[in-house]
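These notes are about the structure you will find just below.
The values are calculated or read from the model by the stated rules, or taken from the named source; none is laboratory data. Remember, predicted model here, so these are calculated numbers, not experimental data. Cβ: placed from backbone, ideal geometry, glycine included. Neighbour counts: every protein chain shown. Side chains are part of the model used for accessible areas, which takes the heavy atoms of the whole protein and leaves out ligands, DNA and RNA. Shrake-Rupley method; radii C 1.70, N 1.55, O 1.52, S 1.80 Å.
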Amino acid sequence: MTQVTVKPGDKLVKGYYEVLGQYGQLNIDHEQAVRSAFQGLLRGYSKKLDWTLVPEYALPGARGKRVVVDGALLDYWKLRRGFWEAKDEKDDLDREIRSKIEKGYPTSNIIFQSPERAVLFQHGVRQGLNEDIRDAKNLTAVLNEFFTYREPDHEEWESAVTEFKLRIPEIAERAEELIHKERKGNKAFIESFDAFYTLCKQAINPGLSAQAVEKMLIQHLLTERIFRRVFHAEEFRSRNVIA
């Protein structure tokens with residue numbers, strides 16, 4: 001599992017403070033402007049994790065109403081890893097947080113941020129970190145907690161993916177052995193494979209080799225159950241000619 005460690009001396013962190021300093025010199029403090037600096041910071045570290053920062057992300061809120069957070073961080077599997085909501089320095093951040101939570105904003109892993117403060121909620125609980133992010137050490141502490149947090153179901157998913165990756169070569173090798181065995185002595189299998197091979201040559205390429213078709217068969221044996229059990233795509237076999 002890829003991880004990232006945020007340090008005060010990082011180029012992204014220094015760049016964030018430089019942008020805020022430039023805005024301050026221009027007397028710019030409205031939300032749309034200052035949040036772009038923090039957005040760039042989150043996006044930069046997200047890329048290191050192969051995550052994507054999606055601005056203006058809509059979610060179901062309280063009482064059936066929709067809420068839109070300023071940003072959501074999605075991983076490669078499109079799992080939501082964290083959220084971010086920005087306010088400008090004129091807002092009462094604590095009051096804004098209470099209002100957002102009442103509206104149904106997620107508190108699984110979210111940063112409520114203003115130019116001077118960052119409040120982190122995880123698993124519904126406000127974390128006891130120093131919230132003054134004018135100090136780079138405080139900022140990096142918040143970001144490290146934010147990026148390293150894993151919900152229990154996310155941890156289980158990552159463990160399952162890792163284990164599956166490790167076992168794929170072993171499973172594929174065993175499947176190949178079984179196919180070779182059945183092609184030598186199982187008449188019914190031989191007839192079915194030959195019919196399958198003929199179909200593949202007609203549908204894909206007349207010059208397709210039997211070995212290539214075996215590889216294709218193994219790939220579908222590995223993925224068919226995933227589509228059926230994980231994604232509940234029961235029609236996978238009926239709509240996919242090779243499957």
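Could you list, in sequence order, the residues of the stretch 75-101 that are acidic (Asp, Glu) and either assigned to a strand (DSSP E or B) or under 18 Å from the mean Cα position of the chain (by Cα) (or both)?
Keep residues of the stretch 75-101 that are acidic (Asp, Glu), which gives 75, 85, 88-89, 91-92, 94, 96.
Within the stretch 75-101, Asp75, Glu85 qualify.
At pLDDT below 90 and in contact with a Lys or Arg (Cβ under 6 Å, 6 or more places away or on another chain): is that true of Ala243 in this structure?
Considered against the rule, which asks whether it is at pLDDT below 90 and in contact with a Lys or Arg (Cβ under 6 Å, 6 or more places away or on another chain), Ala243 comes out as yes.
Return a yes/no flag: does the stretch 51-65 have any residue that is open to solvent by 60 Å² or more (accessible area, probe 1.4 Å) and in a loop (DSSP other than H, G, I, E, B).
Checked against the condition, which is being open to solvent by 60 Å² or more (accessible area, probe 1.4 Å) and in a loop (DSSP other than H, G, I, E, B), the stretch 51-65 yields at least one hit.
Among the listed residues Glu145, Glu214, which satisfies the condition of being acidic (Asp, Glu), at pLDDT 85 or above, within 30 Å of Tyr17 (Cβ to Cβ) and surrounded by 14 or more Cβ atoms within 10 Å (Cβ to Cβ)?
The conditions single out Glu145.
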